[in-house]
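A.B. asks: To start, I am sharing the structure in question, which I have written as structure tokens.
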Amino acid sequence: QVQLVESGGGLVSAGGSLRLSCAASGSILRINILRINTMNWYRQAPGKQREWVASITSGGSINYADSVKGRFTISRDNAGRTAFLQMHSLKPEDTAVYYCNADRILFREQGADARVAVDYWGQGTLVTVSS
């Protein structure tokens, strides 16, 4: 009913930049996203556990993992339905599949009551940083 779609991954040399996007939408046209609370970026490197990277609340509060602080910037569009992760000074250790997560998504299908989707994940986008 609701989907998060990441884009913007790719191959970049060390020191380069990438901008990831995560767009929330209804899987069918008659579903409207009403509100998303906190949007997060996570990443999972090969052979490692998924780790939290950054988060932004609907009120604009932002937090970063120490490993990306000063290099990555998280933001949301005015509608609050798209999150971005601007990544600068990329390092080979940033190589991972990056996932978007939304903790609570309030949505309504036309003609129905509003519903909440909890802990929603996107499919991931691969970022590869070459040395």
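The values are calculated or read from the model by the stated rules, or taken from the named source; none is laboratory data. Bear in mind that the values here come from a model prediction, so they are computed numbers and not experimental data. All Cβ positions, even for glycine, are placed from backbone atoms using ideal geometry, and neighbour counts span all protein chains on display. Just so you know, the surface numbers come from the protein's heavy atoms only, side chains and all, with ligands and any DNA or RNA stripped out. Shrake-Rupley method; radii C 1.70, N 1.55, O 1.52, S 1.80 Å.
A.B. asks: Of a type in the set (A, V, I, L, M) and part of a loop (DSSP other than H, G, I, E, B): does that describe Val68?
C.D. replies: For Val68, the condition - of a type in the set (A, V, I, L, M) and part of a loop (DSSP other than H, G, I, E, B) - is met.
A.B. asks: Residues of segment 40-74 being open to solvent by less than 40 Å² (accessible area, probe 1.4 Å) and among the small types (Gly, Ala, Ser), which ones?
C.D. replies: Ala45, Ala54, Ser55, Ala65
A.B. asks: Please list, ordered by first then second residue, the pairs with beta carbon atoms under 7 Å, 6 or more apart or interchain, first in segment 3-18 and over 17 Å from Trp41 (Cβ atoms), second part of a loop (DSSP other than H, G, I, E, B).
C.D. replies: Once the first residue is over 17 Å from Trp41 (Cβ atoms) and sits in segment 3-18, its partners that are part of a loop (DSSP other than H, G, I, E, B) give Ala14/Leu90; Ala14/Lys91; Ala14/Ser131; Gly15/Ser89; Gly15/Leu90; Gly16/Leu90.
A.B. asks: Within the set of pairs 6+ apart or on separate chains, which have a first residue in segment 112-131 that is touching a residue at least 40 places away in the same chain (Cβ under 8 Å), a second that is outside any strand (DSSP E or B) and among the β-branched types (Val, Ile, Thr), and C-beta atoms under 7 Å apart?
C.D. replies: If the second residue must be outside any strand (DSSP E or B) and among the β-branched types (Val, Ile, Thr), the pairs left are Val127/Thr95; Thr128/Thr95; Val129/Thr95.
A.B. asks: Do you know which of the residues in segment 83-128 that are over 16 Å from Glu51 (Cβ atoms) and of a type in the set (Val, Ile, Thr) is surrounded by the most Cβ atoms within 10 Å (Cβ to Cβ)?
C.D. replies: This residue is Ile105.
A.B. asks: Looking at segment 71-97, which of its residues are polar (S, T, N, Q) and either outside any strand (DSSP E or B) or modelled with pLDDT under 95 (or both)?
C.D. replies: The answer is Asn78, Ser89, Thr95.
A.B. asks: Tell me, which residue of segment 1-28 that is modelled with pLDDT of 95 or more and hydroxyl-bearing (Ser, Thr, Tyr) is most open to solvent (accessible area, probe 1.4 Å)?
C.D. replies: Filtering first and then ranking leaves Ser13.
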